[in-house]
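Q: Got a structure for you, written out below as structure tokens; questions coming shortly.
The values are calculated or read from the model by the stated rules, or taken from the named source; none is laboratory data. None of these values were measured; they are calculated from a predicted model. Glycine gets a Cβ as well: all are built from the backbone with ideal geometry, and neighbour counts include every protein chain shown.
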Amino acid sequence: MPSKTTCGLVSLGCSKNLVDSEVMLGLLQQAGLEIVPDAAQAEVLIVNTCTFLREADQESLETLKEMAAHRRRGTCRALVVTGCMVQRYAEHVHELVPEVDALVGTGDCQRIVEAVQTALRGERFASVSPPTEVYDSRTPRLVSTPRWTAYVKIAEGCDQQCAFCVIPQVRGPYRSRPIEDIVEECQRLVGAGAKELVFLSQDSTRYGIDQYGRPSLAALIQSAARVSGLEWLRLLYWFPNFVSDELLQAVAENANVCEYIDLPLQHADSDILRAMRRPGTEDSNRRLLQRIRNVMPDAALRTAFIVGYPGETDAQFETLLGFVRDCEFDHVAAFTFSPEPGTPAAEVETQVPAAVAQERYERLLCMQQGISLKKNRSWIGRSLPVLVEEVTAPGEGSGRSFRDAPDVDGSVVLSANRLGADRLRPGDLLPVEITAAEPYHLVGVAQQ
């Protein structure tokens, strides 16, 4: 019996890109390829690229060149490039990395088997169509996350036109999956052992506007929360202009929906927000955060900000600092502005010097570190459910509470001295008494 063709995939960028990678792996496995974790063993190498920022472009290019070395040595018979970099720069990929055999854009993941088969025949392949599709529950998918956590992409694309962002260009218009289809996928993932499902899209609060004529994330939550065996449902990427009272109530009234609000605001100054083409103002965003806390006083609030945006003055940066100081987010991600070719913000003449942007970045995160420590210390003496993710030594490990999303937030450092060393297992959801706090993690003792 002939051996199967081996295939390896490197997934770069965000968790939404990871779902695309898992779909492609599922299709390839269904077609008879053997998926291997080591690039040196792979006859087919796939790099699913990211192009969100200049640093992501550089990482994608460096990874491609690393994989191209396997192609030159002959251990790899086909090098396939997929994802956002292909969608954005398809005409340049072969110039930069001549060893590439096939290009697959973000709208053509379903053609990955055809791309691989063509490349293995020694022919070049390129499919970079305008993105219009989104996978469904019947699409094969090889989940690569730990068995207790899985991502679910509820929509694809973006209709927002933020002045600094290339996502609409590389991901296409916003398109939602039907509620019934998402719930079917949730049932299958939970049946396979997932305890936590993380809903993703570029703009989750817009969910359903194309399918049902109105934002319908609340209805989706109500349906998904009823999936038997689902312990945690987490939602990422909220947009401030569609956070309704109905949505907040849907989160608050379902015990298995994490009171975790991921709300990238990007700035606080009203003039900068207007220049960014972002919804809201400083005052409306303050009111929104208060509305959230009125419904969910213990909700974990995560946001992201860009510093050094073109034209940002010292006074406008101070407005941002004051906003962060007053609003006391649990988690803040910060980025210095990256001028992305093809975006309006990149053409603005009044660019902030890189050294100034970096200094503002450091000041913002330094201030937030103290806020995060204060927020974390407020949990000392209280009990939190923690999803165990790692056992580091007998009776010791780490995990996440509802306050921490996978890969982007902090953790809870655990001891099991009230359980016995053999009772701490990855994937368990345990009550933990919090005994100490640091800026980016809690410390606690498992109770059960």
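Q: Considering only the range 249-257, I want to know if a residue exists there that is out of contact with any Gly (no Cβ under 7 Å at 6 or more places or on another chain), in the same structural domain as E349 (by TED's automatic domain parsing) and either at pLDDT below 95 or of a type in the set (F, W, Y) (or both).
A: Quick first cut of the range 249-257, residues out of contact with any Gly (no Cβ under 7 Å at 6 or more places or on another chain) only: 249-257.
From what's left, in the same structural domain as E349 (by TED's automatic domain parsing): 249-257.
So of that shortlist, the ones also either at pLDDT below 95 or of a type in the set (F, W, Y) (or both) come out as none.
No, the range 249-257 has no match at all.
Q: Here is a further query. I'm told I371 meets every condition in (1) in contact (Cβ under 8 Å) with a residue 60 or more places away in the chain; (2) touching a Phe, Trp or Tyr at 6+ places or on another chain (Cβ under 9 Å); (3) of a type outside the set (K, R) except one. Can you identify the failing condition by its number?
A: Exception for I371: condition (1).
Q: Checking Q30 against (1) surrounded by fewer than 21 Cβ atoms within 10 Å (Cβ to Cβ); (2) of a type outside the set (S, T, Y); (3) within 19 Å of the chain's Cα centre (by Cα), which test does it fail?
A: Of the numbered conditions (1) surrounded by fewer than 21 Cβ atoms within 10 Å (Cβ to Cβ); (2) of a type outside the set (S, T, Y); (3) within 19 Å of the chain's Cα centre (by Cα), the odd one out for Q30 is (3).
Q: Residue check: is R206 touching a helix residue (DSSP H, G or I) at 6+ places or on another chain (Cβ under 7 Å) and either assigned by TED's automatic domain parsing to the domain that holds R287 or under 24 Å from F305 (Cα atoms) (or both)? Show your work before the answer.
A: Details: touching a helix residue (DSSP H, G or I) at 6+ places or on another chain (Cβ under 7 Å): yes; either assigned by TED's automatic domain parsing to the domain that holds R287 or under 24 Å from F305 (Cα atoms) (or both): yes.
The answer is yes for R206.
Q: Just to verify a result, which residue in the range 172-204, among those that are acidic (D, E) and touching a Cys at 6+ places or on another chain (Cβ under 9 Å), is modelled with the highest pLDDT? Outline the logic, then answer.
A: We begin by selecting, within the range 172-204, every residue acidic (D, E); these are 180-181, 184-185, 196, 203.
After this cut, where a residue has to be touching a Cys at 6+ places or on another chain (Cβ under 9 Å) as well, the list is 196, 203.
Values: E196: 98, D203: 94.
Across the range 172-204, the extreme among qualifying residues is E196.
Q: Pick from the range 194-236 the residues that are of a type in the set (K, R) and touching a strand residue (DSSP E or B) at 6+ places or on another chain (Cβ under 7 Å): which of them is farthest from L429 (Cα to Cα)? Can you show your working first?
A: Quick first cut of the range 194-236, residues of a type in the set (K, R) only: 195, 206, 214, 226, 234.
From what's left, touching a strand residue (DSSP E or B) at 6+ places or on another chain (Cβ under 7 Å): 195, 234.
Values: K195: 9, R234: 15 Å.
Looking at residues that are of a type in the set (K, R) and touching a strand residue (DSSP E or B) at 6+ places or on another chain (Cβ under 7 Å), I get R234.
Q: Got a sec? Which of R286, R278 is of a type in the set (K, R) and either over 30 Å from E349 (Cβ atoms) or in a helix (DSSP H, G or I) (or both)?
A: Numbers: R278 fails: either over 30 Å from E349 (Cβ atoms) or in a helix (DSSP H, G or I) (or both).
Within the list R286, R278, the selection yields R286.
Q: Suppose we filter V324, V348, V408, V332 for residues that are more than 25 Å from the chain's Cα centre (by Cα) and closer than 28 Å to S284 by Cα; which single one remains?
A: V348
Q: Another one. Check the range 76-97 and report whether any residue there is assigned to a loop (DSSP other than H, G, I, E, B) and within 24 Å of the chain's Cα centre (by Cα).
A: First pass over the range 76-97, keeping only residues assigned to a loop (DSSP other than H, G, I, E, B): 76-77, 97.
Narrowing further to those that are within 24 Å of the chain's Cα centre (by Cα): none.
No, the range 76-97 contains no residue that is assigned to a loop (DSSP other than H, G, I, E, B) and within 24 Å of the chain's Cα centre (by Cα).
Q: Also, quick follow-up: Please go through (1) of a type in the set (S, T, N, Q); (2) more than 16 Å from E312 (Cα to Cα); (3) more than 23 Å from the chain's Cα centre (by Cα) for N285 and return the number of the only condition it doesn't satisfy.
A: The one condition N285 does not meet is (3).
Q: Moving on. Among the listed residues S401, S415, S372, identify the single one that is within 27 Å of the chain's Cα centre (by Cα), buried (at least 18 other Cβ atoms within 10 Å of the Cβ), of a type in the set (G, A, S) and not assigned by TED's automatic domain parsing to the domain that holds L236.
A: Details: S415 fails: within 27 Å of the chain's Cα centre (by Cα); S372 fails: not assigned by TED's automatic domain parsing to the domain that holds L236.
Answer to the selection: S401.
Q: So, one more: Across the range 289-348, what is the number of residues that are surrounded by 17 or more Cβ atoms within 10 Å (Cβ to Cβ) and under 15 Å from R403 (Cβ atoms)?
A: 11
Q: Only residues that are assigned to a loop (DSSP other than H, G, I, E, B) and touching an Asp or Glu at 6+ places or on another chain (Cβ under 7 Å): list them for the range 229-244, please. Talk me through it step by step, then tell me what you get.
A: Taking the range 229-244 as the starting set, the residues that turn out to be assigned to a loop (DSSP other than H, G, I, E, B) are 229-231, 236-239, 243-244.
Within the range 229-244, E231, L236, Y237, W238, F239 meet the criteria.
Q: Can you find a residue in the range 1-12 that is in a helix (DSSP H, G or I) and farther than 22 Å from R111 by Cβ? Working first, answer last.
A: Residues of the range 1-12 that are in a helix (DSSP H, G or I), as a first pass: none.
The answer is no; no qualifying residue exists.
Q: How many residues does the range 191-227 contain that are among the hydroxyl-bearing types (S, T, Y) and farther than 22 Å from N17 by Cα? Break it down into steps so the answer makes sense when it comes.
A: Kept after step one, since they are among the hydroxyl-bearing types (S, T, Y), are these residues of the range 191-227: 201, 204-205, 207, 212, 216, 223.
Checking the rest, the ones that are also farther than 22 Å from N17 by Cα come to 212, 216, 223.
Residues in the range 191-227 being among the hydroxyl-bearing types (S, T, Y) and farther than 22 Å from N17 by Cα: 3 in total.
Q: Also, quick follow-up: Look through E95, E91, E22, E66 and report the one residue that is surrounded by fewer than 18 Cβ atoms within 10 Å (Cβ to Cβ), out of contact with any helix residue (DSSP H, G or I) (no Cβ under 9 Å at 6 or more places or on another chain) and either among the polar types (S, T, N, Q) or more than 19 Å from G122 (Cα to Cα) (or both).
A: Details: E95 fails: either among the polar types (S, T, N, Q) or more than 19 Å from G122 (Cα to Cα) (or both); E22 fails: surrounded by fewer than 18 Cβ atoms within 10 Å (Cβ to Cβ); E66 fails: out of contact with any helix residue (DSSP H, G or I) (no Cβ under 9 Å at 6 or more places or on another chain).
It is E91.
Q: Filter the range 163-195 down to residues that are assigned to a loop (DSSP other than H, G, I, E, B) and free of Cβ contacts under 8 Å to residues at least 60 places away in the same chain and give me whichever is surrounded by the most Cβ atoms within 10 Å (Cβ to Cβ). Give the steps one after another, and end with the answer.
A: Taking the range 163-195 as the starting set, the residues that turn out to be assigned to a loop (DSSP other than H, G, I, E, B) are 163-166, 172-174, 177-178, 192-195.
After this cut, where a residue has to be free of Cβ contacts under 8 Å to residues at least 60 places away in the same chain as well, the list is 173-174, 177-178, 192, 194.
Values: P173: 13, Y174: 20, R177: 24, P178: 14, A192: 10, A194: 26.
Filtering first and then ranking leaves A194.
Q: Given (1) surrounded by 21 or more Cβ atoms within 10 Å (Cβ to Cβ); (2) free of Cβ contacts under 8 Å to residues at least 40 places away in the same chain, identify the lone condition not met by S11.
A: All conditions are met except number (2).
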